[in-house]
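Visitor: Provided herewith is a single structure, encoded as structure tokens, for subsequent inquiry.
None of the figures in this text is laboratory data; all of them are computed from the coordinates on show. It should be emphasised that the depicted structure is a prediction, and the values quoted were computed from it without experimental measurement. Heads up, the Cβs are rebuilt from the backbone with ideal geometry, glycines too, and the neighbour counts pull from every protein chain shown.
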Amino acid sequence: MPEEPCQCPDCLRFYKEHDRLIREFPTLRQQQEMSWASLQAFRTLTSRVLEDLQKQYGAKADKDSEEESSSKKHVSIEEINHAISDIENINAHLFSIEVLMERIFDVKVPENIENTFKELAGELAPDPLNADRLRLNRLLHQTPDLPDKT
């Protein structure tokens with residue numbers, strides 16, 4: 001018996017975003033570009049935060065000023081150093097992913113294959129506001145003890 005998908009708010013948000021990305025970027029080329037842009041945005045933001053943290057906390061020579069600035073923000077220097085280390089690791093992993101993703105751009109497919117991507121995207125992530133989908137959802141959610149009032 002297959003396990004039901006998790007229905008927690010985080011998973012539901014993930015499923016919704018997953019389907020939206022398939023609907024809005026239904027071709028191989030669009031998926032390549034969107035994935036690359038997303039990766040670059042992630043690297044840009046984490047690099048900037050890391051740079052900011054290192055400037056703000058990494059070059060402090062005076063321990064008193066370190067304790068004073070960290071106590072204002074209720075974060076210990078140890079926590080900040082741990083966060084900096086974690087973000088450095090994230091950046092290293094993102095760089096590795098970037099190197100692997102460059103290989104994805106070597107792949108080009110003919111137009112008829114791109115059309116297959118579009119067709120299957122519609123099956124994998126149908127438009128939730130499509131009239132047929134809304135009608136089907138309404139029918140599936142009707143129960144004898146809770147009739148549809150519309």
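Visitor: Quick check on packing: order 86-97, 102-113 by the mean number of other C-beta atoms within 10 Å, highest mean leading.
Guide: Peptide ranking by packing, descending: 86-97, 102-113.
Visitor: Another question, if that's okay. Treat each spin label as a single point 7 Å out from the Cα along the C-beta direction, and report the residue 108 to residue 51 distance in nm.
Guide: Label-label distance for residue 108 and residue 51, simple model: 3.4 nm.
Visitor: Here's something else I'd like to know. Quick one: compute a quarter of the convex hull surface over the Cα atoms of the stretch 79-124 and quote it in nm².
Guide: Result: 5.2 nm².
Visitor: Once the piece of chain linking residue 23 and residue 81 is laid out straight, how much longer is it, given 0.36 nm per residue of separation minus the C-alpha distance between them?
Guide: My answer for the length gained is 16.8 nm.
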